[in-house]
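Just so it is clear, none of the values below were taken in a lab; they were calculated from the coordinates. Keep in mind it's a predicted model, so treat the numbers as computed, not measured. Neighbour counts run over all protein chains shown; Cβ positions are idealised from the backbone, glycine included.
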Amino acid sequence: MNLGKVIGRVVSTKKVETFEGLKLLLVQPVDENLKNIGDPVVTADTVRANVGQIIYYVTSKEASMVFDKMMNPCDAAIVGIADEINVEDKL
């Protein structure tokens, strides 16, 4: 799983059938200290996340497995909203 911050919404007038009615969000990947890492990714929102929230998401095969229909083109899907993040001091 990966941490990310929702930074925007993606509007699409045409989607594949699997994505009909599904909200797409733009997510900036972050590390455990909430520092930006990498480029933003478009994710399928399965938990009703909002802009500004810290979420966790999965990619690849795991992302496509969150849908009932197994054959779908999902590369990244939000699977949870982080309520709190605690990081222990590193030795």
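Using C-alpha pairs below 8 Å separated by at least 6 residues, the relative contact order for the stretch 1-55 is 44 percent. The dipole here belongs to the stretch 2-81: it is taken about the Cα centre, uses +1 on the Cβ of Lys and Arg and -1 on the Cβ of Asp and Glu, and is about 220 debye. Residues whose amide H falls under 5 Å from that of residue 46, counting only those 5 or more places apart or on a different chain, are 78, with hydrogens built in the peptide plane.
Within the listed set 31, 75, 45, the residue fluctuating most in the Gaussian network model of the chain (springs between alpha-carbon atoms under 10 angstrom) is 31. Note: the chain, Cα convex hull, 105 Å³ per residue.
Looking at the stretch 1-56, the GluC sites (Glu not before Pro) that sit in a DSSP loop and have at most 15 other Cβ atoms within 10 Å of their own Cβ are 20, 32. Ordered by the count of other Cβ atoms within 10 Å of each Cβ, fewest first, 79, 27, 42, 6 give 42, 79, 6, 27. Considering only 69, 23, 35, the Gaussian network model of the chain with Cα springs below 10 Å gives its largest mean-square fluctuation to 69. Among 25, 3, sorting on how many other beta-carbon atoms sit within 10 Å of each Cβ, with the fewest leading, yields 3, 25. The phi torsions of the stretch 4-16, fed into the Karplus equation with coefficients 6.51, -1.76 and 1.60 and a -60° offset, translate into couplings of x, 10, 6, 10, x, 10, 10, 9, 9, 7, 10, 9, 5 Hz, rounded to whole numbers, with Gly and Pro shown as x.
Among 29, 73, 40, the largest mean-square fluctuation in a Gaussian network model of the chain, built with springs joining Cα atoms closer than 10 Å, belongs to 73. Subtracting the Cα-Cα distance of residue 1 and residue 33 from 0.36 nm times their residue separation leaves 10.0 nm of extension gain.
Restricting attention to the chain, lysine pairs at least eight places apart or on different chains and with alpha-carbon atoms under 29 angstrom apart total 19.
The residue 14 and residue 85 beta-carbon pair, evaluated with R₀ = 35 Å, returns a calculated FRET efficiency of approximately 0.45.
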